[in-house]
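The values are calculated or read from the model by the stated rules, or taken from the named source; none is laboratory data. Computed from a predicted model, the values in this text were never measured in an experiment. All Cβ positions, even for glycine, are placed from backbone atoms using ideal geometry, and neighbour counts span all protein chains on display. The protein model used for the area step is the full one, side chains on, heavy atoms only, and it has no ligands, DNA or RNA in it. Shrake-Rupley method; radii C 1.70, N 1.55, O 1.52, S 1.80 Å.
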Amino acid sequence: DDIAAFVLNWRASALGEFQPVELVLPSPTPASSAERTAAGRETWLAAGCSQCHRIADEPSSGTGPDLTHIASVARTRVPDLPAEAYLRESFLLPDLVVVQGYQAGSGCGGLLSQRQLDDLVAYLLTLE
């Protein structure tokens, strides 16, 4: 349903006419949090997230926000929005909340499966 809503609203979003509606975001159901976190780190690397985003001292172009402490930042970025929901929303609708000092329109590097997104969010939630 979330994918269908995104596709159906794509044109309105591209034209700046999009009225965001609350997304129903599934929670990950990890076999173990350590496995999910490790898989999320692999997704981070494979998807090329570090091409734009920095984590600690890893090399990056720096065109996207620094995610070194994103778990802490995500808890306060949007009032009344849990960190997990903010991270998912930021990946699915990257221009919904644009961090000061960065430009809208850059988007995320690629498409992920639901499982990969779950893993990536689990990994990012460890970055205090």
### Message
For region 93-111, check the following and say yes or no: at least one residue is open to solvent by less than 80 Å² (accessible area, probe 1.4 Å) and under 17 Å from THR37 (Cβ atoms).
### Response
no
### Task
Taking LEU67 as meeting all but one of (1) closer than 14 Å to LEU120 by Cβ; (2) in contact (Cβ under 8 Å) with a residue 40 or more places away in the chain; (3) part of a helix (DSSP H, G or I), write down the number of the exception.
(3)
### Restricting region 110-128 to residues that are assigned to a loop (DSSP other than H, G, I, E, B) and over 11 Å from the mean Cα position of the chain (by Cα), the residue that is modelled with the lowest pLDDT
GLY110
